[in-house]
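The values are calculated or read from the model by the stated rules, or taken from the named source; none is laboratory data. Since the model is a prediction, treat every value here as computed from it, not as a measurement. Neighbour counts are summed over all protein chains in view; Cβ atoms, including those assigned to glycine, are modelled from backbone coordinates with ideal geometry. Only protein heavy atoms, including side chains, enter the accessible area calculation; ligands, DNA and RNA are left aside. Shrake-Rupley method; radii C 1.70, N 1.55, O 1.52, S 1.80 Å.
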Amino acid sequence: METIHTADAVRVTWDSEPLRGGAVVVGRDRIGAVGTLDDVREAFPNARVRKWPGTLGPARVHEGPLPDAPSPRERVHAVLKLGAVAVLEEYVDSAELRSAADRNDVVVLPGARRTAIVPTGRADLAVYDGTGECVATVCAGRLVHRRH
């Protein structure tokens with residue numbers, strides 16, 4: 001079953017123009033479509049719709065050391081709460097941390113890269129409110145963080 005994620009504005013890259021009334025369709029771990037909410041609802045009439053406050057865009061790459069936390073799992077979760085679903089290899093400095101990243105589908109990259117929402121690409125999304133705080137993170141199609 002697909003899920004349509006929509007927000008006040010959708011950006012396919014963080015430096016692109018916002019699409020007002022935009023939406024992103026997620027099926028399993030892939031992006032199914034990007035467009036206006038009306039268009040994607042028409043194309044995916046049985047999909048569940050999640051409306052988020054703020055701006056939805058591609059999840060980020062965490063480019064520094066992972067936040068301090070009591071366990072590797074909690075360090076990875078702290079990154080997810082920031083809207084990032086990828087970390088740099090140089091900061092994944094133990095087998096336990098690498099295992100926690102793997103279990104949570106967090107990508108370990110050799111270097112920073114630009115992120116984008118691309119049809120058929122991996123469904124990695126983040127939503128930020130007007131203050132820049134992460135409201136929700138979708139990692140490989142799974143909602144892994146939601147601010148209550």
Computed log₁₀ I(q)/I(0) - Debye formula, equal Cα scatterers, no solvent, the range 41-104, q 0.24 Å⁻¹: -0.97
The alpha-carbon pair-distance distribution computed for the chain, with 10 angstrom bins and whole-percent values, is 12, 43, 31, 12, 1
Can you give the % of DSSP beta bridges in the chain that are antiparallel, to the nearest 5? 65
Of the accessible area of the chain, computed with a 1.4 Å probe and all protein chains kept, carbon and sulfur make up a percent value of 48
Surface accessible to a 1.4 Å probe, per residue, for the residues of the chain, Å²: 53
At R0 = 25 Å the Cβ-Cβ FRET efficiency linking Glu90 and Leu143, nearest 0.05, sits at 0.30
Euclidean distance between Cα centres, the range 93-147 to the range 1-41, Å: 16
